[in-house]
Every structure is written in structure tokens, then in C-alpha cells.
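What follows draws every value from the coordinates through simple rules; no lab data is involved. All of these numbers come straight from a predicted model, not from anything done at the bench. FYI the Cβ positions are ideal-geometry reconstructions off the backbone, even for glycines, and counts take in every protein chain you see.
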Amino acid sequence: MVNIDDLKTEAKRVLKGGNVKYIIGYGRASDTWKANPVFLRSPEDVDKLVWDPTCFHNLVRFLVDEKRRKAKEKPPDPRPVGIVAKGCDSRAIVVLLQEKFFERMDVFVLGVSCESTGMIDERKLAGKTAGKDVRRVAFGEDQKFVVETDAGTLEIAASEVLADRCLDCIANVPVISDHLLGDKTKRTVANPFRAVEKMESLSGDDRWSFWKDQLKKCIRCYACRSACPMCYCEECVVDTINFAVTAETSAEEKAQRIKWLEKSPVGSENVFYHLVRAIHLAGRCIDCGECERACPVNIPLRMLNKKLEKEAKELFGYDAGFDADQPALISCFRDGDPEDFIR
Amino acid sequence: MDKILAKKDYSRWLEKLGSYRIFAPRKRDDVWNYEMVTAPDAERLEDVMTAVPAKGIVFPQREPFFEFAETDDGTRITEILPEGEPVVVFGVRPCEGRAVTLTDDVFGGEFEDHYYWKRRNATTLVGLSCGAPPSPNCFCLSVGGSPHSKEGLDLLLTDLGKTYYAEALTKKGEKLVLEGQKLFTAPGPEDRKAVDKIQAASRKKIRRELSRIENVPAKLRGMFDSPFWDDESMSCIRCGICTYLCPTCHCFDMADEVETSTPLLGKRVRTWDTCQFPDFTMHSSGHNPRPDKASRLRQRINHKFQYFVEVWQKYQCTGCGRCISLCPVGIDIIQVVEKVRDHGA
């Protein structure tokens, strides 16, 4: 099991030595049972670190902010940023390295193995603890979670409350790290595409009505995009902010500014938004499931990404985020690549 | 007007409300939301905190204002007003009732927003008082509310086990009770006592507190340029959850949605907007006064605990806790405001 003291010791060592600018990790405020992202700047801060089944967040998302911040630093601090990364998160780092978003030396990875479990799904847990106030969740023995509530402590089999993305996980051990904690035994998953295959077995009409129904719920808060480490576009298609206007810009030019989609949360716009996002993640999504977890109305967004993951796997034998030395799927061509769609 | 309604008669009451569009909390895909009731006979009143608040019923996320069309005789503008058909919302939490009184202030007064009022005046809000906090992050008591506040509601129901104690608070509320006819009976003295007991107990069950915030508006005024906001917003991911799901947030955008360009045909619509998005304050000059997440978090807190207080002498937060419970990174408005309170102390 990952020993939190080992994590703290290593974090303290690198912070003390001034080897990293700061460390992005998981902490917890006193009033909540869920972990939060924390930013550790001094060796004393390491006591804030926690490691439990509520460390859901993919902290790699904050490396995107860091890059923007660094661009404004004068002079830029060349030290890497430390980051606590689970298996899925480490794959996100690999994708960003493949895409040359940053360099390997820009990041110091404190890898944590999820071992034989993973992170809980809050909604699944709520189903098991109905009416009780959850105070703490911890990793227990025998693939069980220990859930402390205001009405006593429960032991719940991990398989019953694990997030779906963890049940489908193909990287329980970080694939890249500078310091790795926890058991390194890789877990195998019989079929990570079960949900997609079930969807594929439906008729086109049924699939369309399913998605129309689901996407109707979208309130366009963009939490799915905002939580995603791969959504690092300077200007997202949903916010038109880079249209420079001068005194000479005519009303006509302003009016003709490209507006890709309306803010209205109606079917056509919602579908457009979600499909644009899904396509942009093809061959890049590493299934951290943050989009789905962040969604306040519980749209099964993972399934869209998982479908494209399956396409990449079947057509190109490609799994995103395992090898930083390989070119990204979208930016390479190999002789053996299928081309039967070219006519 | 106080009455008693047997719980088993709740669905029969709904059946008598055929002239209304009825909304009530429904669970779909593990998420509670107010949804339209299509089969009143199968209905029971759920005691929950929905994800999306009831505000969308009076202030919809998309509201068309008018249609514009280019015709042979020039441009034709046709106003689109909400129909104003009667709506009743069941299971409204007292904090949401209070929240509606705040949007009433914003959309009322000197410049009355008739799109808002057309819906608002046609809406009857049936509150369900909170015997126990419906969310672990409830903190209504700290911001001037209570688990059984009547503000903004037309009717307040209190769960007495086998019955509901119904207090009609407005004419609209009374009308709803009258529609129920004989389903409602006169309460006995023991019923009122039971209500008082539940209400007293419910106040003690609220776990979260935001205390001693009297000086927060003044504190905020002095913290506009503080690096505090950089630190507090480090974990913000810039999504719109905290504001879109806030029952009191009411900022909006307007846009012309063009359906065809030749001949020109389209609608001018109002949609929800949020201070958390980059184009919220984007000027056409290219300048953006809220360019980063620090200034956007500050905007959200300042609006609720300074600007609104300066204009309306009340907090623009009713303590429902949605922004805390649903924030993907656990930013906690209680903790942020407490830190403001203690800042530099």
C-alpha cells in the first residue's frame, strides 16, 4: 500500500533541496471528506498531503495553468513542478510530452500506484451510504474501502463503489515517474470497452435518441472541458475572446466574427460542443474520467471518448499516453496504417 | 391559512392541479433536478436538494426576446413574450425561495424585466421546510435564512410524518390549497406544536457555519488587489458550475442567433452567463478587466458579499451549498469568506 509518510518524505526532500518550484498534490480541508488539489511551496506544507480513494482529480490539468504562468515570469523559473500522479494522470503527462506541450525536465513526477483498487465514484458511494454523512474514506484490506460516517464505519468492497474508469483502467501503475510509490503489479482488465460495445450493439436510431436525451441535460458549464488536461487550446471554440477590435473595425466585421456555436443550451449546440470535444480528444484521451466526474448532470461523457479510444486501438493499435518517445497518433503516418477509407 | 394534508393525498392534490404545469424534484441518472410532472397520480414529494436550482423555471437559461426578419418591406421585429401559463414548483427549499426574492430585486424596481415577471407572476412556489439539512454543505442560518424560511414562497409544507402541515403564505398559495378542496383539513393544536418542534430541532442539525461575517463587505473592499485571490484560485479550473448552479446568480448574455442570413432571419436571445468564463467581461476593444481566474473568483465572492450588499443591503448567498458540493475541485465558499474575514487580522 502507498505509505503516505513515504510520499511526504520525498516531497519534503525535493522542496527542501529547492529542486522543484512547488508540488501539486492532494490535500483535504477540515470540513470535507473529499480530497482537494493543494499546492505545496515549503517543506512544512507536506503535512497537508493525503492519499485516499477520493484523490480523483487529474492534477495534470494544473500543469496547463503552470505553462501559462511561466510564460509571464520574468525571468522564468526553470525548475520543474512536482506533481502527484496516478496511473491515468501519468498517461496524461506522456501525451503532453508527445505533443511537446512541455519538456520532461519541466515536471517532477511523484507516481502513486492505485494498486488493485482506484478512486471511488461519489454517486455510487451515496447509494451505499444513503442518508449518512460521510466523514472519511480510506483504502482498507482485501480490496475494501473503509467509509467513516456520522453513523458508524462501513467496509465496502471496492468493486461496488469504484469509478467506472477505474474498473476499466489499463494503467493502475504510473507509466512515467521520478519517484514511484506503492505496489508495481500491473492489473489486467478483460475488456475495457464493455460499455462502448453495449452501445454499439444498439441500432443507429436508438443510439441517436440516447445521446439526444443525454446531451439535452447539458447546461454548458464546460466543467468537462475545464477539468480536462488535454483541453489546453489557447482559445476554446466556445469562448471567442481573441477577436481584436480597433477603432477602425467596422460594424460589419464585428458582426461577421466567426461564432462557432451559440450559448443557448439547445440540442444542436450541445451536440456540436460535445462532438467537437470528443473529436479533439481522439487518440489523446487517457480515460482519467474527469469530464464525467465533473459533470453536474451526469452525462456519460466517458463513453464518447472511449469510443474514439476504441477506434484508435482497432485501426492503429494505439493506446494513448504510454510512450513519450513515440509520435502522437494524430501527427504520424505509418506504412501499415489503414487507408481503405480513401477512395 | 394553515391546513393539514395527508401524505397519501399528495398525488390526489396534484391531480386536481390540471390547469398548472407542475415541476417537482425527480431523480434521473442519479441526479436530482426539477422536472415536469407528467403522471401526478404516481407522485410523491421528495425531500432533496436538486443539482440545478429552481431559478431556471422563472429565469430560463435561454429566453428569446424577439424575432428579426428581413422582408420586402424592410426589417420586421416581432416580440416573443413568455406565455405566462401557470406553473407550480413543488419541493422548493427555503433557501431557494429566499434566492428568488433576490432575483426579484434585480429584475424588478426601476427597470422591470417583463420577460422575468411574466414567468415569475405565473409561478407558485411550494416550499418544503428542511427537517434535516438536505445537503451536508447547507449553511442557510449563517446568511440570514433558516431551514423553514418563508421568504419568496407561496406555500410552505412541513413534513409531520404521515401528514404535511401546509401554511399558505400568499394568495397564490391559498389558491393552490383551495384547488385541493377537501383533501385539506384544519390543523389541531398538536400539529402546530409538532411543526414548532421540528423547526427548532432542524436548526441544530445544520453542520456548517459561516460566522462573524459582518465586516466581510468592508474587508473585501480593501482586498481588491490582494495576492490572496491568486492563492485561493490556484485550484480553480474555470468552469461555470458554481455560478450556473447558484440559485442567486443571475448574470446573462445576449446574442443574435441567426437562422438564415439571406434573407436575414433570427432571434435575439438572453442566455445565462457567468463571471467564470473568459468572454464574460471581454470588451470589444480587446481589453478584459477579469482576465484570469483570480479576478474571476474575486468577482464571484465580491458580488455576493460586497457589491450586492452595497446595493441591496443583503448577502447574495442563501447558503444552499451547491457551489461547494458540486465544485469539481472542492473550492468552498465558506472557507474563502472565512479567510477574507480573518485576512490581515
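Observations, loosely collected:
- Neighbour-count order for A:LEU15, B:LEU176, fewest beta carbons within 10 angstrom listed first: A:LEU15, B:LEU176
- Average beta carbon contacts from partner chains per residue of B:282-293, 10 Å cutoff: 3
- For region A:120-161, the relative contact order works out to 36 percent when only alpha carbon pairs closer than 8 Å and six or more residues apart are counted.
- Springs join every pair of Cα atoms under 10 Å in this Gaussian network model of chain B, and among B:ASP29, B:ASP253, B:ASP332 the largest mean-square fluctuation is at B:ASP29.
- Residue separation of B:PHE65 and B:SER211 scaled by 0.36 nm, minus their Cα-Cα distance, works out to 48.4 nm of gained length.
- Residues A:LEU167, B:LEU160, sorted so that the one with the fewest Cβ neighbours within 10 Å comes first: A:LEU167, B:LEU160
- Region A:47-164, relative contact order in percent, only Cα pairs under 8 angstrom and at least six apart counted: 24
- The order of the peptides A:114-121, B:106-113 by mean Cβ neighbours within 10 Å, most packed first, is A:114-121, B:106-113.
- Between A:ASP323 and A:ARG123, full extension at 0.36 nm per residue minus the direct alpha carbon distance yields a gain of 68.7 nm.
- Computed from the Cβ-Cβ distance with R0 of 30 Å, the FRET efficiency linking A:VAL237 to A:MET1 stands at 0.10.
- Overall form of region A:120-161 per C-alpha gyration tensor (a/c, 1.5; a/b vs b/c): oblate
- Square roots of five times the Cα gyration tensor eigenvalues for chain A, Å: 33, 27, 22
- Across peptide B:270-281, the average count of Cβ atoms from other chains found within 10 Å of a residue's Cβ is 4.
- For the residues A:GLU252, A:GLU122, A:GLU73, a GNM of chain A with alpha-carbon springs under 10 Å puts the largest fluctuation on A:GLU252.
- Computed [θ] at 222 nm, helices only, for chain A once each DSSP H run of length n ≥ 4 contributes -39500 (n - 2.57): -9500 deg cm²/dmol
- Calculated FRET value between A:ARG13 and B:ALA186, using beta carbons and R₀ = 56 Å, to 0.05: 0.15
- Distance between the C-alpha centres of region A:318-335 and region B:241-295: 38 Å, rounded to the whole angstrom.
- Working from label points 7 Å from Cα in the Cα-to-Cβ sense, the B:ALA345 to B:HIS287 distance is 3.7 nm.
- Label-point gap, in nm, between B:THR38 and A:SER250 - each point 7 angstrom along Cα→Cβ: 5.1
- GNM on chain A, alpha-carbon springs under 10 angstrom: the most fluctuating residue among A:ASP183, A:ASP142, A:ASP52 is A:ASP142.
- Mean ellipticity per residue at 222 nm, deg cm²/dmol - from DSSP H runs of n ≥ 4 across chain B, formula -39500 (n - 2.57): -8000 deg cm²/dmol
- With pairing defined as another cysteine C-beta under 4.7 Å, the cysteines of chain A that fail it are A:CYS55, A:CYS114, A:CYS166, A:CYS169, A:CYS218, A:CYS221, A:CYS233, A:CYS236, A:CYS285, A:CYS295, A:CYS332.
- When the alpha carbon gyration tensor of chain B is reduced to an equivalent ellipsoid, its three semi-axes come out at 35, 30, 16 angstrom, largest first.
- Length-normalised contact order for chain B - Cα pairs under 8 Å, 6+ apart - percent: 21
- Take each residue of peptide A:288-297, count the partner chain Cβ atoms within 10 Å of its Cβ, and average: the result is 4.
- Efficiency of FRET from Cβ geometry, A:ARG41 and B:GLU259, R₀ 56 Å, rounded to 0.05: 0.60
- Each label was represented as a point 7 Å from its Cα along the Cα-to-Cβ direction; for A:SER30 and B:ASP104 these points are 3.8 nm apart.
- Ranked by the mean number of other Cβ atoms within 10 Å per residue, highest first, peptides A:199-208, A:89-98, A:3-12 order as A:89-98, A:3-12, A:199-208.
- Working ranking of peptides B:224-230, A:18-24 by packing, defined as the average number of other Cβ atoms within 10 Å per residue, highest first, is A:18-24, B:224-230.
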